[in-house]
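Take a look at the structure below.
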Amino acid sequence: MRFWLGASFVETGQFVELARAAERCGFDTFTLSDHLFHADFASPYPYSKSGRPRWDASTHWPDVWVTIGAMAAVTATLRFSPNVYIAPARDVFTVAKQVSTAAVLSGERVTFGVGVGWCKEEFVGTGQDFHTRGRRLDAMLPVLRSLWAGETVALDGLPPLTISPTPGGPIPVYVGGDSEAALRRAARLGDGWIGNRIYTEEQFDVVLDALRRHLDANGRSLEGFEVIAPLAVLPDADTYRRFAAKGVTGTMAAPWWLATPEEKAKHGEGSLELKIATMERFAEEVIARM
C-alpha cells in the first residue's frame, strides 16, 4: 500500500514545504487538483448533494505543472500527479509538452492522472467541446504516449511531428472517475485508476467489481494495474492491509482533515505547521507500520 497526499484546497505558498515534508514522512505521491478559474458555475458539481462546489473564489488552484516543477526542484524521490488533470479542456500539444517537460525536469517522477471533467464553463473558456470530451480523451491518450516516447506522430492537417524534451521512459497514465465510461477507459487505456470521491468499503467494492469486469473484457487483470482509492476509514494499518488484499495499491490521505482540537489549538487551523504536524503523526502511526 502506497500513500498519496491529497493536497486540494491548499494555499499556493504552502506547496513547496509540504512537498519536502511529504518526502520526509514517506508519502509516495503528492497530488493536486486542476481548475482554471472560479465562476458562478451553472454546471452541477457531481460530488455534493447540493450540486454546488465546496469552495469559493478565494480558494487557490495553482497551475498543476508549474507547481509540480517547483516541488520537484526541492525533492528527490517524491512522485507527483494531478488528481486529476482535465486534458480534453486543452489541445493535445499543450498537454504533451507540459507533462513531458515536468517528467524530464523531475527525473521521471510524474504520473499523469487524467479525467474528462465536469465543468462545462472551463471547456467554453478554452474553446474546447465539452460534449465530445470523452471521445477526444480516448483519442488523445495514445497520441500523448507516442509523443512522450519521442515518436513521430501524423495527425490530420499537420506534417509528421515530434516534441522535445521527452523522458527516458513511459509516463504512467492513471484514469480518474468511477462512471462506467471512466472505468472502461481506465481498463482499456490506463496503467491505473484513481478514485474521484472518498469511498466507504461498500461503495468501493461495487466500483472494484466493475473495474475487474472491464479489465477482463480487455484481456487484463488487477495484477500489475494500479488502484488508487481514497477511503472513508480512520487511519489504521490493519484496515489498509485489508484493502490491499482486495487489490488497492494506494490510497489518498490529507492528515490535517483529522487534526485533533489540541493540534488545531497549538498550530492554528489551516496553517502549514498544522499540516506538517499531522503528516508526521500519520507517518508514525500508519505509514511506518505498513
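The values are calculated or read from the model by the stated rules, or taken from the named source; none is laboratory data. Quantities reported herein were computed from a predicted structural model and do not represent experimental measurements. Methodologically, a virtual Cβ is constructed for each residue, glycine included, from the backbone with ideal geometry; neighbour enumeration extends over all protein chains shown.
In region 191-211, which residues are of a type in the set (S, T, Y), closer than 20 Å to L5 by Cβ and in a loop (DSSP other than H, G, I, E, B)? I'd like the intermediate steps shown before the answer.
Initial filter on region 191-211 (of a type in the set (S, T, Y)): 199-200.
In the following step, the residues that additionally are closer than 20 Å to L5 by Cβ were identified as 199.
Answer for region 191-211, where residues must be of a type in the set (S, T, Y), closer than 20 Å to L5 by Cβ and in a loop (DSSP other than H, G, I, E, B): there is none.
What residue, among those in region 181-224 that are in contact with a strand residue (DSSP E or B) (Cβ under 7 Å, 6 or more places away or on another chain) and among the small types (G, A, S), is surrounded by the most Cβ atoms within 10 Å (Cβ to Cβ)?
Checked region 181-224; the qualifying residue surrounded by the most Cβ atoms within 10 Å (Cβ to Cβ) is A186.
Give me the pairs: first residue in region 195-221 and of a type in the set (S, T, N, Q), second residue at pLDDT 95 or above and assigned to a helix (DSSP H, G or I), beta-carbon distance under 8 Å, and six or more apart or on different chains, which are they?
Correct list of pairs: N196/A182; N218/A187; N218/R188; S221/R212; S221/L215.
Within region 225-238, how many residues are over 15 Å from Y174 (Cα atoms) and either among the charged types (D, E, K, R) or surrounded by 15 or more Cβ atoms within 10 Å (Cβ to Cβ) (or both)? Working first, answer last.
Step one: list which residues in region 225-238 are over 15 Å from Y174 (Cα atoms), which gives 231-238.
Retained after the next criterion (residues that are either among the charged types (D, E, K, R) or surrounded by 15 or more Cβ atoms within 10 Å (Cβ to Cβ) (or both)): 231, 233, 235-236, 238.
Total meeting the criteria: 5.
How many residues are under 19 Å from A187 (Cα atoms), not hydrophobic (A, V, I, L, M, F, W, C) and not in a loop (DSSP other than H, G, I, E, B) when one looks only at region 218-239? Explain how you work it out, then say what you get.
We begin by selecting, within region 218-239, every residue under 19 Å from A187 (Cα atoms); these are 218-230.
Subset that is not hydrophobic (A, V, I, L, M, F, W, C): 218-221, 223-224, 226, 230.
Then drop every residue that is not not in a loop (DSSP other than H, G, I, E, B), which leaves 226.
So the count comes out to 1.
Which condition number in (1) in a strand (DSSP E or B); (2) surrounded by fewer than 18 Cβ atoms within 10 Å (Cβ to Cβ) is the one that R242 fails?
It fails just one condition, (1).
Can you name every residue in region 24-45 that is free of Cβ contacts under 8 Å to residues at least 24 places away in the same chain and either of a type in the set (V, I, T) or in contact with a Ser or Thr (Cβ under 8 Å, 6 or more places away or on another chain) (or both)?
H38 - this is the single residue of region 24-45 that is free of Cβ contacts under 8 Å to residues at least 24 places away in the same chain and either of a type in the set (V, I, T) or in contact with a Ser or Thr (Cβ under 8 Å, 6 or more places away or on another chain) (or both).
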